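Quick notes on the structure that follows.
The values are calculated or read from the model by the stated rules, or taken from the named source; none is laboratory data. Treat the numbers as computed from the prediction; the structure is a model and nothing was measured. All Cβ positions, glycine included, derive from the backbone under ideal geometry; neighbour counts span all protein chains shown. Calculation scope for accessible area: heavy atoms of the full protein, side chains included, ligands and nucleic acids excluded. Shrake-Rupley method; radii C 1.70, N 1.55, O 1.52, S 1.80 Å.
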Amino acid sequence: MDTRKLKICCGVTAIFLFIFVILITTLSLTIFKPKQPEITAHPVALENITTGGGFPNVTLNVTLRMIVTIDNRNYGSFKYRNTTAHVNYRGGIVADLPIEAALVPARGKINISTSADLMADKLLSSPYVLGDIESGSLNLTSVANLHGEVTMLKFLSLHARAMSTCDFTLWTKTQKVDSNCKSKIKL
């Protein structure tokens with residue numbers, strides 16, 4: 001009789017273990033599956049636009065202020081460290097955007113204010129910049145890698161990296177800015 005009770009106990013334990021594995025697998029593939037965060041850059045203003053000098057010593061100073069909205073659609077919070085996004089113009093870095101460390105709550109949104117001073121010497125060294133300014137627009141791309149940790153259920157912590165790429169169009173005549181961002185998270 002002892003072996004019969006042992007078999008029943010082992011059978012019941014195996015069934016519960018099987019149900020538990022199926023439940024965890026289902027949850028990890030549905031509810032807890034990482035979703036890409038939605039990152040939106042809202043350019044606030046172009047400031048301090050000054051030009052000076054004459055050819056060939058033209059100077060240009062521009063500050064781009066913006067608010068970046070991060071919408072975390074996941075069931076885990078994301079805490080990232082200080083980082084710097086780089087703004088590129090035709091393959092060359094022309095500005096740095098400092099991004100301060102923050103916590104993006106699970107299924108929550110945060111707004112981050114930042115500004116970039118365009119490096120005029122690097123921007124003006126491009127042979128295309130004068131033609132782009134005359135045409136009325138400058139196309140820039142910002143790239144940011146946010147390194148941090150995802151915390152799920154307040155006890156499970158995983159290292160993660162969120163990557164964001166934003167395309168900006170600076171309209172030189174109206175001093176307006178349009179943006180389009182794409183993001184991806186890797187665990």
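Would you check if there is a residue in the stretch 73-85 being aromatic (Phe, Trp, Tyr) and within 13 Å of the chain's Cα centre (by Cα)? Give the steps one after another, and end with the answer.
Looking only at the stretch 73-85, we keep the residues that are aromatic (Phe, Trp, Tyr), and these are 75, 78, 80.
Subset that is within 13 Å of the chain's Cα centre (by Cα): 78, 80.
Among the residues of the stretch 73-85, at least one is aromatic (Phe, Trp, Tyr) and within 13 Å of the chain's Cα centre (by Cα), which makes the answer yes.
Mind checking which pairs have a first residue in the stretch 35-48 that is open to solvent by less than 30 Å² (accessible area, probe 1.4 Å) and a second that is part of a loop (DSSP other than H, G, I, E, B) and modelled with pLDDT of 75 or more, Cβ under 6 Å, 6 or more apart or different chains?
Cβ pairs passing all conditions: Pro37/Asn72.
Hey, could you check the stretch 109-138 for residues that are charged (D, E, K, R) and part of a strand (DSSP E or B) and say which is most open to solvent (accessible area, probe 1.4 Å)?
The selected residue is Lys109.
May I ask you to verify whether Asp96 is assigned to a strand (DSSP E or B), within 18 Å of Val44 (Cα to Cα), of a type in the set (Asp, Glu) and touching a residue at least 24 places away in the same chain (Cβ under 8 Å)?
When the stated conditions are applied, Asp96 does not pass them.
Yes or no, residue by residue, for (1) at pLDDT 90 or above; (2) touching a helix residue (DSSP H, G or I) at 6+ places or on another chain (Cβ under 6 Å); (3) within 25 Å of Asp178 (Cα to Cα):
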{"site": "Cys10", "(1), (2), (3)": "yes, no, no"}
{"site": "Leu17", "(1), (2), (3)": "yes, no, no"}
{"site": "Thr25", "(1), (2), (3)": "no, no, no"}
{"site": "Lys33", "(1), (2), (3)": "no, no, no"}
{"site": "Pro37", "(1), (2), (3)": "no, no, yes"}
{"site": "Ala45", "(1), (2), (3)": "no, no, yes"}
{"site": "Ile49", "(1), (2), (3)": "no, no, yes"}
{"site": "Asn82", "(1), (2), (3)": "yes, no, no"}
{"site": "Ala95", "(1), (2), (3)": "no, no, yes"}
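Being open to solvent by 40 Å² or more (accessible area, probe 1.4 Å), closer than 20 Å to Lys122 by Cβ and of a type in the set (Val, Ile, Thr) is the filter here; which residues of the stretch 142-187 pass it?
Scanning the stretch 142-187 gives Val143, Thr165, Thr172.
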